[in-house]
Amino acid sequence: MRAVVCKEFGPLDGLEVVDLDDPPLLIGHVRLRVLASGVNYVDGLLVQGRYQIKPVVPFVPGMEVVGEIVEVAGDVDAKILGARVLANLGFGGYATHAVARADRLVALPESMTTGQAASFLQSYLTGWFAFVQRLGDDPANAAANADRWLLVLGAGGGVGLAAVDIGVALGYRVIAAASSADKRQLALDRGAVHAVDVSLGDDAVKEAAKDLSGGGIDVLYDPVGGSLGEVCLRALREDGNYLVIGFVGGIPKLPANQILLRNRRVTGVDWGAWATRNPEANTAMLREVIGLIGEGRLSPVEPAVYPLSRAADALADLDARRVAGKVILLPD
Ligand SMILES: NC(=O)c1ccc[n+]([C@@H]2O[C@H](COP(=O)([O-])OP(=O)(O)OC[C@H]3O[C@@H](n4cnc5c(N)ncnc54)[C@H](OP(=O)(O)O)[C@@H]3O)[C@@H](O)[C@H]2O)c1
């Protein structure tokens with residue numbers, strides 16, 4: 001099989017595309033012919049050795065793939081051969097073939113394209129975990145959020161755009177903050193009520209969020225952090241909640257006085273750690289989210305496409321904020 005290999009932590013252009021022996025097919029596993037591999041911002045951090053988890057090198061990045069089942073272990077029902085499935089992998093997705101646990105595979109609705117299916121998992125499960133598990137929102141009662149305002153930072157990126165889609169489905173009125181017209185348009189297409197240009201500056205985003213929401217927002221979804229997160233904390237109204245998601249712009253230093261004022265809350269969201277500790281619950285959550293996508297209540301973006309051999313370029317474009325929405329790799 002062909003695979004993208006990180007032989008040692010370092011710059012993205014150090015990634016190599018090589019021929020590897022097919023990995024052994026363990027009991028309870030299936031072999032997939034990869035149809036598309038999802039690319040996540042975290043993959044680039046892992047390759048550069050900048051993530052909190054350091055994999056053993058060499059390793060093949062890639063956490064989510066859609067594939068066709070081409071081989072099953074002796075204890076797995078051969079009836080599933082040929083099915084198109086989604087696999088949530090630890091690593092190994094940037095490849096032409098992958099091995100995955102049969103009991104964690106997820107069937108896909110026909111309406112979902114392979115591109116959508118290969119690129120929604122991390123972003124949507126982070127968002128669903130944040131709103132439903134951490135905030136306690138009830139997906140069956142979106143009316144409860146009808147008067148509540150949600151500000152999403154990085155709203156044209158993978159995690160932010162998913163939060164816009166989920167926020168709208170959960171009944172929020174969403175304000176999307178992003179740096180380019182195409183990113184803001186993607187968020188508006190997913191139902192955001194307003195889109196704010198972050199290139200106008202941190203204070204301009206905060207003031208726009210306060211004005212547009214009529215005094216202050218109820219929830220801040222922040223995958224960006226840095227000075228933007230610090231400033232936008234001040235846009236939260238009484239009892240508003242800041243969801244700490246990620247730090248592409250740096251780790252914010254949230255002033256404690258601003259949390260005390262107006263009885264604000266700050267909520268940590270670490271979906272990855274929770275999913276590792278709760279694999280069955282995570283698979284159940286994945287199936288619930290896919291069900292909502294199948295019903296049309298959630299609409300993952302159609303991703304930009306790069307060939308597998310250009311994985312380093314895809315990661316570099318994400319890192320440089322050149323990508324609107326999501327990215328997949330297709331075997332070439
Ligand atoms: N908490 C969790 O459980 C969890 C799970 C998955 C991912 N994450 C984290 O979520 C964050 C976002 O991931 P993602 O997949 O959405 O990434 P992405 O697709 O690259 O989007 C990130 C967005 O952040 C904005 N941005 C602002 N400053 C940036 C900078 N210095 N470098 C790059 N982007 C910058 C960009 O939007 P503008 O150009 O519009 O500013 C970009 O579109 C990452 O930190 C990731 O580790 C957290």
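The values are calculated or read from the model by the stated rules, or taken from the named source; none is laboratory data. Predicted model, so just to flag it, every value in this text is computed and none were measured. Glycine also receives a Cβ, built like all others from the backbone with ideal geometry; neighbour counts cover every protein chain displayed.
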> Which strands (runs of 3 or more DSSP E) does segment 82-156 wholly contain that include 1 or more residues that are more than 30 Å from VAL196 (Cβ to Cβ)?
Replying inline: 84-88, 97-101
> Pairs under 6 Å by beta carbon, first residue surrounded by fewer than 15 Cβ atoms within 10 Å (Cβ to Cβ) in segment 1-13, partner outside any strand (DSSP E or B) and of a type in the set (A, V, I, L, M), six or more apart or different chains?
Replying inline: GLU8/VAL57; ASP13/ALA312
>> Being within 16 Å of the ligand (Cβ to nearest atom), of a type in the set (A, V, I, L, M, F, W, C) and buried (at least 16 other Cβ atoms within 10 Å of the Cβ) is the filter here; which residues of segment 234-253 pass it?
In response: LEU243, VAL244, ILE245, VAL248
> Just a yes or no: is a residue in segment 296-310 in contact with a Phe, Trp or Tyr (Cβ under 6 Å, 6 or more places away or on another chain) and either touching a residue at least 40 places away in the same chain (Cβ under 8 Å) or within 18 Å of VAL164 (Cβ to Cβ) (or both)?
Replying inline: yes
> Would you pick out the residues in segment 219-235 that are closer than 12 Å to PHE247 by Cα and either over 17 Å from the mean Cα position of the chain (by Cα) or outside the structural domain of LEU200 (by TED's automatic domain parsing) (or both)?
Replying inline: GLY226, SER227, LEU228, GLY229, GLU230
> When residues of segment 206-227 are filtered for being within 16 Å of GLY156 (Cα to Cα) and either away from the ligand (no atom under 15 Å from the Cβ) or surrounded by fewer than 23 Cβ atoms within 10 Å (Cβ to Cβ) (or both), how many remain?
Replying inline: 1
> Within segment 11-38, restricting attention to residues that are under 25 Å from the mean Cα position of the chain (by Cα) and in a loop (DSSP other than H, G, I, E, B), which residue is farthest from PRO300 (Cα to Cα)?
Replying inline: PRO11
> Is there any pair with a first residue in segment 16-27 that is touching a residue at least 12 places away in the same chain (Cβ under 8 Å) and a second that is among the polar types (S, T, N, Q) whose Cβ atoms are under 7 Å apart and which are 6 or more apart or on different chains, and what are they?
Replying inline: VAL17/SER309
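Conditions (1) touching a His at 6+ places or on another chain (Cβ under 9 Å); (2) at pLDDT 95 or above; (3) not acidic (Asp, Glu), marked per residue:
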| site | (1), (2), (3) |
| --- | --- |
| GLU230 | no, yes, no |
| VAL244 | no, yes, yes |
| ILE259 | no, yes, yes |
| PRO279 | no, no, yes |
| LEU298 | no, yes, yes |
| SER309 | no, yes, yes |
| ALA314 | no, yes, yes |
| ALA324 | no, yes, yes |
> Given the conditions (1) within 16 Å of the ligand (Cβ to nearest atom); (2) surrounded by fewer than 17 Cβ atoms within 10 Å (Cβ to Cβ), which single one is not true for GLN116?
Replying inline: (2)
> Identify, please: which residue in segment 264-280 is without any contact (Cβ under 8 Å) to a residue 12 or more places away in the chain and over 18 Å from ILE166 (Cβ atoms) and is, among those, farthest from the ligand (Cβ to nearest atom)?
Replying inline: GLU280
>> Can you tell me which of (1) assigned by TED's automatic domain parsing to the domain that holds ASP182; (2) of a type outside the set (A, V, I, L, M); (3) out of contact with any Asp or Glu (no Cβ under 7 Å at 6 or more places or on another chain); (4) assigned to a helix (DSSP H, G or I) is the one ARG262 doesn't meet?
In response: (3)
